[in-house]
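Engineer: Starting off with a structure, shown below.
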Amino acid sequence: QSDWWARYGRLLVLALLGLVVVSSFGTFASLASTIFPSESFFEGVQKDFAGDSHYLVRLRIWHPALALLLGLGLWRLVARLEASAGARQLSALAWNVQMLYWLQFGLGALNAILLTPVWLQMVHLALAHLLWLGLVALAYRSAAAMADTSVLMAGKAGTVAG
């Protein structure tokens with residue numbers, strides 16, 4: 001159990017918490033883009049770093065920055081799952097979650113470039129929900145695989161001892 005927690009559990013919890021934080025900053029970014037629209041993508045980026053911009057506009061840059069950190073964490077998690085011989089089923093799910101993340105990141109970039117059209121914001125939000133569900137499924141399957149492994153190990157230990 002502690003081996004599973006050390007190898008996967010902490011990263012899964014960090015990924016779930018990271019997604020909550022990224023999503024929270026996404027609400028600020030969406031609100032800022034709605035209340036303080038920009039005429040162009042470059043004007044929006046300039047506003048993100050301008051000292052006289054509203055604080056919501058300056059918070060907007062944190063959403064993609066934190067999303068990149070989340071992506072690095074997902075990459076590390078997938079690499080660990082891939083390296084584990086007993087986690088082949090988890091590996092496929094982890095890669096799907098990571099691909100969903102990169103699709104989501106690309107849509108987020110497109111959303112910013114196109115100046116946050118409502119239809120694209122809705123697609124971006126829907127994919128965020130799918131990403132959340134994928135991470136929850138990955139955490140569940142990982143914990144279930146760990147439980148199955150410990151039951152098997154206990155059974156083998158009982159057979160050897162008996």
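The values are calculated or read from the model by the stated rules, or taken from the named source; none is laboratory data. What you are looking at is a predicted structure, and each value in this text was computed from that prediction instead of being measured. Cβ coordinates were reconstructed from backbone atoms using ideal geometry, including for glycine residues, and neighbour counts include every protein chain displayed.
Engineer: Since Ser38 meets every condition but one in (1) buried (at least 17 other Cβ atoms within 10 Å of the Cβ); (2) assigned to a helix (DSSP H, G or I); (3) not charged (D, E, K, R), which condition does it not meet?
Structural biologist: The failed condition is (2).
Engineer: So which pairs qualify, if the first residue must be in region 1-29 and in contact (Cβ under 8 Å) with a residue 60 or more places away in the chain and of a type in the set (D, E, K, R), the second must be in a helix (DSSP H, G or I) and surrounded by 15 or more Cβ atoms within 10 Å (Cβ to Cβ), the Cβ gap must be under 9 Å, and the two must be at least 6 apart or on different chains?
Structural biologist: Once the first residue is in contact (Cβ under 8 Å) with a residue 60 or more places away in the chain and of a type in the set (D, E, K, R) and sits in region 1-29, its partners that are in a helix (DSSP H, G or I) and surrounded by 15 or more Cβ atoms within 10 Å (Cβ to Cβ) give Arg7/Arg80; Arg7/Leu81.
Engineer: Follow-up. Just give me the residues in region 71-99 being of a type in the set (A, V, I, L, M), closer than 21 Å to Ala143 by Cα and assigned to a helix (DSSP H, G or I), in sequence order.
Structural biologist: Within region 71-99, Leu74, Leu77, Val78, Ala79, Leu81, Ala83, Leu90, Ala92, Leu93, Ala94, Val97 qualify.
Engineer: Considering region 22-35 alone, what residues qualify as being closer than 18 Å to Ala67 by Cβ and either surrounded by fewer than 16 Cβ atoms within 10 Å (Cβ to Cβ) or modelled with pLDDT under 95 (or both)?
Structural biologist: Ser24, Thr27, Leu31
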